[in-house]
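So the structure is just underneath, and the comments pick up after that.
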Amino acid sequence: MFPAPPTPRRDLPPPREAPGTGPAEPAPRPSDAPEAAASPTTGSDGRHAFFDNAKYLAIVLVAMGHAWEPLTDGSRTAKALYMTVYAFHMPAFIIISGYFSRSFDLRRDRLQRLITGVAVPYVLFETAYAGFKSWAGDDPGPISLLDPWYLTWFLVALFVWRLTAPLWKIVRWPVPLAVAIAVLASVSPEIGDDLDLQRVLQFLPFFVLGLSLRPEHFALVRRRWVRIAALPVFAVALVMAYWAAPRMASAWFYHRDSAQELGTTWWIGAAMTLALLGCSIVLVACFFSWVPTRRTWFTVLGAGTLYGYLLHGFLAKGSRFWGWFDDYAWLHTPLGEVTVTLVAALIVTGLCTPPVRRALRFAMEPTMAWAFRQDPADAAARSRTRSAA
């Protein structure tokens, strides 16, 4: 799918030190990205516009998809759009996360960032969601960190994937192996629901693919012929989704259940998993082909997509708890569907803005220096510096 062209382009930066926040990758240090600093589409903070643009557009599609979910029972068109978007929005996020995990190893500072940027937000938001469910009137149940609720599954998955990144880099055929694991997971109901391991394993190929990509692969999908081909491909995907809407359960795109739990045989489940993986890769490539590489008005919002991802879940679930889609029938009309779509896009855009990031950085990107032991080598270096001074 991504063969390397004979003359690599350098309009995208090489992967750098892996941050710990998945969709909201913090900016690398300038010294880590000399090529990125020379790129006209790279800002002074070292962030590359293409990836920030891709993350913002993907998070908007995530919010739209969640807004469309209550409409899918009564609208075949809404369900077709829902299925099409669900086929590629999270795979796109995961591929980018894998790409920026290429340099991840078990170095002390990177493990600390993994804890503060992924594990800590998981604990905080899992607890916050439990409190929200109780306040909103739904059956709260006990708080269980082994059972991610709603959106927090991604943080668990990212933690596991990133820890295993060094292993995937030494395997000879990482992507085929990851695909085999995903297929086996999809036909293994014994895995259970703890830590949403079905999703962790079934989405694994996208992360491993991201680990295997290089800048020239992203440049390849930016070619003119790919961008032209993307339009009929998306048109065919929408037509196929419209045909499949009354015949296929949307749960196939969640990758959270085994084939047996979805009411089919193991061999159909294995075939469906392979087919959906292939469709997702094609649609992700088409999506990337139309992502702008230049800086736009929404480029700055790409740094806050994890904020938008986790925070919009309160409103998305609240709209169900409070029965908005049941009480207001006009939301199920074409005008209502368009309104819901626009409101979802505006809300998630606001949640990605710098003021929101500044207000909630203590929860999403805490430093927590007090929680870690001092590195003996660093302490010795500082002691030598003081002695010399």
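Points to keep in mind about this one:
- From the options Pro142, Pro148, residue that is within 30 Å of Arg320 (Cβ to Cβ) and without any contact (Cβ under 8 Å) to a residue 24 or more places away in the chain: Pro142
- Residues in the range 293-311 that are without any contact (Cβ under 8 Å) to a residue 60 or more places away in the chain, surrounded by 17 or more Cβ atoms within 10 Å (Cβ to Cβ) and among the aromatic types (Phe, Trp, Tyr): 0 in all.
- Residue count for the range 178-210, restricted to those that are at positive phi and either charged (D, E, K, R) or in contact with a strand residue (DSSP E or B) (Cβ under 8 Å, 6 or more places away or on another chain) (or both): 1
- Subset of the range 90-112 that is assigned to a helix (DSSP H, G or I) and either touching a strand residue (DSSP E or B) at 6+ places or on another chain (Cβ under 7 Å) or of a type in the set (S, T, N, Q) (or both) - its residue that is least open to solvent (accessible area, probe 1.4 Å): Ser97
- Residue pairs meeting the criteria (Cβ under 9 Å; at least 6 apart or on separate chains; first closer than 16 Å to Glu261 by Cβ, in the range 177-193; second among the β-branched types (Val, Ile, Thr)): Ala182/Thr273; Val183/Thr273; Ala185/Ile191; Ala185/Val200; Ala185/Thr273; Ser186/Thr273; Val187/Thr265; Val187/Thr273
- Any helices (runs of 4 or more DSSP H) falling wholly within the range 314-368 and containing at least 3 residues that are hydrophobic (A, V, I, L, M, F, W, C): 334-351, 354-364
- Scanning the range 233-262 for residues that are open to solvent by 70 Å² or more (accessible area, probe 1.4 Å) and free of Cβ contacts under 8 Å to residues at least 40 places away in the same chain yields Val236, Val239, Met240, Trp243, Arg247.
- Every pair of residues 6+ apart whose Cβ atoms lie under 9 Å, when the first sits in the range 352-380 and is within 25 Å of Gly304 (Cα to Cα) and small (Gly, Ala, Ser) while the second is open to solvent by 70 Å² or more (accessible area, probe 1.4 Å) and at pLDDT 90 or above: Ala363/Leu124
- The range 73-89: number of residues that are over 13 Å from Val338 (Cα atoms) and open to solvent by 20 Å² or more (accessible area, probe 1.4 Å): 5
- Checked against (1) modelled with pLDDT under 90; (2) in contact with a Leu (Cβ under 9 Å, 6 or more places away or on another chain); (3) small (Gly, Ala, Ser), Ala377 meets all criteria but (2).
- Members of the range 301-318 found to be closer than 16 Å to Ala359 by Cβ, over 14 Å from the mean Cα position of the chain (by Cα) and among the aliphatic types (A, V, I, L, M), listed by number: Leu301, Leu311
- Of residues in the range 342-374 being modelled with pLDDT of 95 or more and hydroxyl-bearing (Ser, Thr, Tyr), the one nearest to the chain's Cα centre (by Cα): Thr349
- Annotation note: Cβ proximity below 8 Å between a residue of the range 312-329 that is under 17 Å from Gly65 (Cβ atoms) and a residue that is assigned to a helix (DSSP H, G or I) and open to solvent by 70 Å² or more (accessible area, probe 1.4 Å) (sequence gap 6+ or interchain) occurs for Phe325/His332.
- Identification of helices (runs of 4 or more DSSP H) wholly contained in the range 14-89 with 1 or more residues that are acidic (Asp, Glu), at pLDDT below 90 and closer than 24 Å to Thr296 by Cβ yields 34-38.
- Selection over the range 263-286 of residues that are closer than 14 Å to Pro189 by Cα, touching a residue at least 12 places away in the same chain (Cβ under 8 Å) and among the β-branched types (Val, Ile, Thr) gives a count of 0.
- Applying the criterion of at least 2 residues that are out of contact with any Ser or Thr (no Cβ under 9 Å at 6 or more places or on another chain) and open to solvent by 50 Å² or more (accessible area, probe 1.4 Å) to the helices (runs of 4 or more DSSP H) found wholly in the range 113-224 leaves 120-136, 153-168, 174-186.
The values are calculated or read from the model by the stated rules, or taken from the named source; none is laboratory data. Since the structure is predicted, the reported quantities are computational estimates derived from the model, not experimental observations. Every residue, glycine among them, receives a Cβ derived from its backbone with ideal geometry; neighbour counts consider all protein chains shown. Keep in mind that these areas ignore ligands, DNA and RNA; they rest on the heavy atoms of the full protein, side chains included. Shrake-Rupley method; radii C 1.70, N 1.55, O 1.52, S 1.80 Å.
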